[in-house]
Amino acid sequence: MRIGVLTGGGDCPGLNAVIRGIVRKGVQEYGYEFVGYRDGWRGPLENDTVRLDIPAVRGILPRGGTILGSSRTNPFERADGIHRIRENLADLDVGALVAIGGEDTLGVAARLHDEYGVPVVGVPKTIDNDLSATDYTFGFDTAVNIATEAIDRLHTTAESHMRVLVCEVMGRHAGWIALHSGLAGGANVILIPEQRFDVDQVCAWITSRFRASYAPIVVVAEGAVPRDGEVVLKDESLDSFGHVRLSGVGEWLAKEIEKRTGKEARTTVLGHIQRGGTPSAFDRWLATRFGLHAVTCVHDGDFGVMVALRGTDIVRVPLAEATARLKTVDPALYEEVSVFFG
Ligand code: F6P
C-alpha cells in the first residue's frame, strides 16, 4: 500500500517527529510506501510530491518546521478541488492519506472522508492546544517553554527599570499559552480571549504590584479583548494572502497602562518565535506516538478518525467530532490562577 502524508496550517514544533514516526513504523513493520505531499492540501490538489522514505526522515526528530512544507490551502474553496484530489490520489495509487493539522486541515479531512469516502486519518497539531477531543497537542509544550523563558527574562529588565512589561503571546481564540506560561513565569496579570478584561482592573493590579516594590509583568494573548468595546482590537483584517491578522493588543495595552497609571510600559510580542525551532522532549514524545498510532489506524482500515491523547493513552476519535468545536479555557481554571494577579 502507498500512503500519502501532508502537513497543513501553521507549522508547529513536532511535525517532523510525527512524519518520522509514521514512515519508520509504516516501512519497518508493514512494508508500506509513502508519498510526501508538499504544502498541505496544495500537494494532493496539484500532485506536488516529495520523496518520503527512511533516508528522508533520518535526523529530522529534533528539527522544527516540517520537511513537507505547509499552507492553509482549502480544496473546498476551489471549484474542482475534490475532483482533482481524488484523481491525483488514484494517479499515484495512494490508498490512504494521513493529514497532520489543526482545525482547518482536519476539517477538510473530515469532509473528504465523510462526504467523499476518501480514506483519511488525522493527526492533531497546534501550538494553541485548542483542539477538543485531545488532552494536549504537540507544539504547545514547546511554545509554553519558550514563552516562560521570555517572561523570566522580562522580570529582570522590568525590575531594573521599574517598568511594566507586557508580553503578548499567541492564541487567537484560546488563552492556553498565556495561562500556562503566565503561571509558570510568575506573571502578575494574565489576559485571555475567553474573558473580556477591564483595563482599570489591570491598572489596579499593576499599581498594587508597584506598591509592593516590584515591577509587574502582564501576559496577554493576542486575541484578548477589553470589556465595553473600548477599542476594536479584534479587528481581524485579512492580509493580501487572505490570512487573518490581529491588531496588536499588547502595544495598545501598554499605552493605556502608561496613560492611566503614569508608569512606563513596554511591549514584547513573541510571535512566531513560539512556533519555530526544536521541539521539547514532551512534544517529540507525543508527536512520535501520534505518528505511530496513525499508521496503525491505516493498517486497521480505520479511517475518518483522529488520534488523540487521553490521559497517557492514545485513542481514536471521529474526525468530525474532533473538529466540531474549539477547546477554550474554563472560567473556573482562569479564576483559580487569578489568585496571583496584582
Ligand atoms: O494556530 C497557530 C497560530 O500560531 C496562532 O496562535 C496564531 O494566531 C496564528 O497561528 C498565526 O498565523 P500566521 O502564521 O498565519 O500568522
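The values are calculated or read from the model by the stated rules, or taken from the named source; none is laboratory data. Since the structure is predicted, the reported quantities are computational estimates derived from the model, not experimental observations. Backbone-built Cβ (ideal geometry, glycine too); neighbour counts: all protein chains shown.
Quick rundown of the values:
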{"item": "Among the residues listed as 123, 164, 189, the single one being among the aliphatic types (A, V, I, L, M) and within 16 Å of the ligand (Cβ to nearest atom)", "result": "123"}
{"item": "Residue, surrounded by the most Cβ atoms within 10 Å (Cβ to Cβ), within the range 55-93, restricted to residues that are hydrophobic (A, V, I, L, M, F, W, C) and more than 20 Å from residue 292 (Cβ to Cβ)", "result": "85"}
{"item": "From the options 278, 323, 312, 328, residue that is crowded, with 20+ Cβ neighbours inside 10 Å and polar (S, T, N, Q)", "result": "323"}
{"item": "Odd one out for residue 302 among (1) over 19 Å from residue 6 (Cα atoms); (2) over 20 Å from the mean Cα position of the chain (by Cα); (3) assigned by TED's automatic domain parsing to the domain that holds residue 125", "result": "(1)"}
{"item": "Pick from the range 21-54, criterion basic (Lys, Arg) and farther than 20 Å from residue 71 by Cα, ranking: surrounded by the most Cβ atoms within 10 Å (Cβ to Cβ)", "result": "25"}
{"item": "Flag for residue 258 being touching a strand residue (DSSP E or B) at 6+ places or on another chain (Cβ under 7 Å), farther than 22 Å from residue 329 by Cα, at pLDDT 70 or above and surrounded by 14 or more Cβ atoms within 10 Å (Cβ to Cβ)", "result": "yes"}
{"item": "Residue identified as touching a residue at least 24 places away in the same chain (Cβ under 8 Å), within 19 Å of the chain's Cα centre (by Cα) and not in a helix (DSSP H, G or I) among 99, 147, 109", "result": "99"}
{"item": "Members of the range 305-342 found to be at positive phi and under 20 Å from the mean Cα position of the chain (by Cα), listed by number", "result": "311"}
{"item": "From the options 289, 316, 284, 310, residue that is over 30 Å from residue 217 (Cα atoms), touching a Leu at 6+ places or on another chain (Cβ under 7 Å) and modelled with pLDDT of 95 or more", "result": "284"}
{"item": "Residue match in the range 100-111 (condition: on the phi < 0 side of the Ramachandran plot, among the hydroxyl-bearing types (Ser, Thr, Tyr) and within 16 Å of the ligand (Cβ to nearest atom))", "result": "yes"}
